[in-house]
1. Which entry in (1) 41, 30, 18; (2) 40, 23, 20; (3) 35, 25, 21 matches semi-axes √(5λ) of the Cα gyration tensor in Å derived from the coordinates of this structure?
2. With +1 on each Lys and Arg Cβ and -1 on each Asp and Glu Cβ, how big is the dipole of the chain about its Cα centre, in debye rounded to the nearest 20?
3. Evaluate the distance, in nm, between pseudo-label points positioned 7 Å from the Cα of Ala85 and of Lys118 along their respective Cα→Cβ axes.
4. I'd like the carbon and sulfur percentage of the solvent accessible area for the range 266-403, probe radius 1.4 Å, heavy atoms only, ligands and nucleic acids excluded.
5. Starting from the Cα-Cα distance between Thr106 and Leu259, subtract it from 0.36 nm times their residue separation and give me the gain in nm to one decimal.
6. Among Val147, Ala90, Gly75, flag the residue with its Cα farthest along the positive direction of the charge dipole of the range 25-147, charges on Cβ as +1 for Lys/Arg and -1 for Asp/Glu.
7. Among the aspartates and glutamates, which fall within straight-line cross-link reach of Lys131, defined as a Cα-Cα distance under 18 Å, with same-chain neighbours fewer than 8 residues apart omitted?
8. Would you work out which of Thr408, Asn184, Asn305 lies farthest towards the positive end of the dipole of the chain? Charges go on Cβ: Lys and Arg +1, Asp and Glu -1.
Amino acid sequence: MKNIRDISQRIENGFASKGISKFSYTLVEKETRELNAENGEFSLLRTLFDNNAVLTAYKDGKNGTVTGNDFSESGIDDLVASSVASAEAAIADPAHDFAPKQDAETFQQGVCTPDFGKFFDKVKDLIQDIKVEYPKIQIMNIIGEFVSRHVLYRNSNGTDFEGTSGAYGVTLEFSGHDGDKTTNLDYCGFETIDLDTRLIDQASVRYHLDNAQKQLEQISVTGKFDGNVIFTPECFAEFMMFTAANYLSDGTILEGTSLWKDKVGQQVASESLTVCLKSSDSRIVCGERFTGDGFRTEDLPIIENGILKNFMISLYTANKTGKPVSKNSSRDLIVESGSSSLDSLVKATEKGLIVGGFSGGQPSSNGDFSGVAKNSYYIENGEIKGAVSEVMINGNLGAMLIDIKGITAETVQDGGMVVPYVCVGGIVVSGK
């Protein structure tokens, strides 16, 4: 790998030679040591190198942004020239800007020196654990990797952020098999710095494996009813991302289509719900330390006890609308846990589902959603009756966040999020 500071100097010399005094850029050097196991047997061990650069040049109130991965001298020179040409061809818009000068900082996160031999053994143990404890699971693929990153952000205001990080990652692809019965493929994955805990016991690995076996025996749900839905942590995280896209993000705030655009400080959800982007949380592995706009990342409360606290918008949208910029552009999601147990939520449900996945696309602008509930279980009279074949669910994002029935103390921590099970009411379930 080239010295990232040498590349930085060449970029700034290139901008200076073209008369550009206002600029920002991010450089990322990434190394991945990867091992693959197919059908339970190791099949590949390799090391991959990847570069990425994002350069933005500003000229006469206009800006141009380009990306590339060629860190050779000619490659960097071409990126500088392309960003300047892009700025010259752009339409002037003073809302495009970046953060003011901040104190220079260097960040180090995760594992500095990997123990890849121990990691290999842990992945081998994972394969064996699945064979012994989940005999009806067929492993298609396991990818284990150690990813290290070296990142540099600089802008012409004098901000200089540099960070290094390293973490192990595991991704599994598998399905249930019993004679001529099979299930659809299922996936799970997580990021970790913990090689002392068995991999099978981390994040939601056991839940997914158990689910794949249970899905071999399915029951049918007939008719249509209004009921409660208990979202698994991963599925609820997906719905929180839907909520962010519909009500909190750049596009909907800039266009004024967000139903929450004037609701900061007002109740938008149940008092039991608290959601934030919390990159500093110790349970987040290698969380964001600075944003693409050049701000030092701060924890961002989104909803506190049901009250909307902040949007999730860039500096450009903030400048356009007059709303505060979000000094956190991560997906380091924390949903505060509650006091219920999953068992108690099930027992309190007269009729409903546990939903582990959703296939239905982005909800409409008003938050209405409709799609197929995946990896789900039917609940009746407080008992799980069995895994169900695909059923439809529909509801509204805003309405369901108001109608939260309970939140568990149990959470799933996968290195990028900490989220509990959440039970909501008012969901229409449509069976056969």
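The values are calculated or read from the model by the stated rules, or taken from the named source; none is laboratory data. All values derive from a computational prediction rather than experimental measurement. Methodologically, a virtual Cβ is constructed for each residue, glycine included, from the backbone with ideal geometry; neighbour enumeration extends over all protein chains shown. The area values use the complete protein model at the heavy-atom level, side chains included, leaving out ligands, DNA and RNA. Shrake-Rupley method; radii C 1.70, N 1.55, O 1.52, S 1.80 Å.
1. Derived directly from the coordinates: (1).
2. Details: 40 positive and 60 negative charges, 135 e Å.
In total the dipole reaches around 640 debye.
3. Reported label-point gap for Ala85 and Lys118 is 5.0 nm.
4. Working: 2480 of 5770 Å².
In the range 266-403, the share of accessible area belonging to carbon and sulfur is 43 percent.
5. Values: separation 153, 0.36 × 153 = 55.08 nm, distance 3.94 nm.
Extra length from Thr106 to Leu259 when fully extended: 51.1 nm.
6. The residue sitting most towards the positive pole is Val147.
7. Glu38, Glu41, Asp121, Glu173, Asp178, Asp186, Asp201, Asp210
8. Of the candidates, Asn305 comes out farthest on the positive side.
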